[in-house]
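The values are calculated or read from the model by the stated rules, or taken from the named source; none is laboratory data. This one's a predicted model, so the numbers in the text were calculated from it and none came from an experiment. Every residue, glycine as well, gets a Cβ built from its backbone with ideal geometry; the counts of neighbours run over all protein chains shown.
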Amino acid sequence: MKKIVLTGGGTAGHVTPNIAMFPALKEAGYEILYIGSKKGMEKKMIEKEGIPYKGISSGKLRRYFDIKNFIDPFKVVHGYFEAKRFLRKEKPNVVFSKGGFVSAPVVLAAKSLKIPAIIHESDMTPGLANKIAAKGASYFCCNFPETLKYLPSDKAIVTGTPIRQELLNGDKNKGYEFSGLSASKPTLLIIGGSLGSKFINDAVRESLDELLPLFNIIHLCGKGHLDSSLNDVEGYRQYEFISKELPDLFAMADIVISRAGANAICELLALKKPNILIPLGLESSRGDQILNAKSFEKQGFSYVLDEDKVTKDSLIKSVHDVYNKRNEFVNNMTSSNGSDSIKTIVDLINKLA
């Protein structure tokens, strides 16, 4: 049996794409092992999946002054030798890294043992850990064409982000049953993030009179942002957050309004859902969502509405524009290399293994 070691941690964004690849890797005949940090969030997430887990020492690679900058390099070096011992013992055919600070020593250890490695970068520009690890990579996968200019031309390929397969297997009939909505109208799904967005929530609720005659509306408004006065409005459903039923709600959605995080927009691409992106503004982020949204807009995958321009009128106009051009958006997404990211990445893994 072929063997693969996956690595990545620090945030869910560095772990969930790895988990999304587990079924395809198992189907392709791989024994899966995982290297993460000793105490990071990834440990519980991976062990929950029943995958053997090796924790190594890790330290954060900072661009700013911090007293820990004098300590963490020693942790990174220690983690490198721990990873090297583990890889030498397990002898994997290939290593796949989703990034995060724990991943750099793993990829470099693989290079020292002549084990081929693949790196995946979700953001528009590579993070520091991936920049360091790039020297040990055979391929460098990314989400955006714009990222290619930052990567070695002989290694870089646009693949998109691996998406949880259960998200792609939703049942629209179950979605209608869960929501109690009618299939006689198209459905607009609004996802404002787990914390919600006042800009988006206010604009949606102010637009209900104009939108509800034409659309069902499912509004995921974030924790603490339910409006009890709207509970009985026909055709409108509001939830703080949805997990288990989300694939079914996606399946019934004809248009989606969403933030522009890398994983979120790659899910929309994989689902081929016409969408309106409202990226977090510079006052709330470092601007990565704005760059993500502009890239998807340029590729014809999304309609972008800046957060500071979200009003009742602008929201209504964007919904009508996207719905009227929905087939155009779907066709553009269908022709994208990133629409089947797992197959693309597993093909690269097989090529190296």
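Assorted remarks:
- First in segment 296-322 and of a type in the set (D, E, K, R), second anywhere and part of a loop (DSSP other than H, G, I, E, B), Cβ under 6 Å, 6 or more apart: GLU307/ILE278; GLU307/GLY281; LYS312/SER207
- Boolean, PHE178 is among the hydrophobic types (A, V, I, L, M, F, W, C) and either under 23 Å from GLY222 (Cβ atoms) or not in a strand (DSSP E or B) (or both): yes
- Subset tally (residues that are out of contact with any Asp or Glu (no Cβ under 6 Å at 6 or more places or on another chain), among the small types (Gly, Ala, Ser) and within 22 Å of THR11 (Cα to Cα)) for segment 263-304: 6
- Yes/no for LEU189 being closer than 18 Å to ALA253 by Cα and either surrounded by fewer than 20 Cβ atoms within 10 Å (Cβ to Cβ) or charged (D, E, K, R) (or both): no
- Considering residues of segment 28-56 that are aliphatic (A, V, I, L, M) and under 14 Å from VAL95 (Cα atoms) only, the residue surrounded by the most Cβ atoms within 10 Å (Cβ to Cβ): ILE35
- Tallying residues that are closer than 18 Å to ILE345 by Cα and touching a Leu at 6+ places or on another chain (Cβ under 8 Å) within segment 94-116 yields 7.
- Scope segment 316-347; condition modelled with pLDDT of 95 or more, aliphatic (A, V, I, L, M) and touching a helix residue (DSSP H, G or I) at 6+ places or on another chain (Cβ under 8 Å); matching residues: ILE316, VAL319, VAL322, ILE345, VAL346
- Of all residues in segment 302-337, those being under 15 Å from LEU271 (Cβ atoms) and touching a Phe, Trp or Tyr at 6+ places or on another chain (Cβ under 9 Å) number 6.
- Applying the criterion of being surrounded by 16 or more Cβ atoms within 10 Å (Cβ to Cβ) and of a type in the set (Val, Ile, Thr) to the residues of segment 218-248, the residue that is modelled with the highest pLDDT is ILE218.
- Matching residues in segment 1-15 - criterion: being at pLDDT below 90 and in contact with a Ser or Thr (Cβ under 9 Å, 6 or more places away or on another chain): GLY9, GLY10, GLY13, HIS14
- Per-region count, segment 256-282, residues among the basic types (Lys, Arg) and in contact with a Leu (Cβ under 9 Å, 6 or more places away or on another chain): 2
- Whichever residue in segment 116-139 is surrounded by fewer than 24 Cβ atoms within 10 Å (Cβ to Cβ) and in contact with a Lys or Arg (Cβ under 8 Å, 6 or more places away or on another chain) and, among such residues, is nearest to ILE342 (Cα to Cα): TYR139
- The condition of being modelled with pLDDT under 90 and either under 22 Å from ILE163 (Cβ atoms) or not polar (S, T, N, Q) (or both) holds for only one of LYS48, LYS39, LYS43, LYS26, that being LYS39.
- Any chance ARG85 is of a type in the set (Lys, Arg), modelled with pLDDT of 90 or more and surrounded by fewer than 18 Cβ atoms within 10 Å (Cβ to Cβ): yes
Yes or no, residue by residue, for (1) at positive phi; (2) in contact with a helix residue (DSSP H, G or I) (Cβ under 8 Å, 6 or more places away or on another chain):
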residue	(1), (2)
GLY224	yes, no
LEU230	no, yes
TYR236	no, yes
GLU240	no, no
PHE250	no, yes
ASP254	no, yes
GLY261	no, yes
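- Subset of segment 273-308 that is in a strand (DSSP E or B) and hydroxyl-bearing (Ser, Thr, Tyr) - its residue that is surrounded by the fewest Cβ atoms within 10 Å (Cβ to Cβ): TYR303
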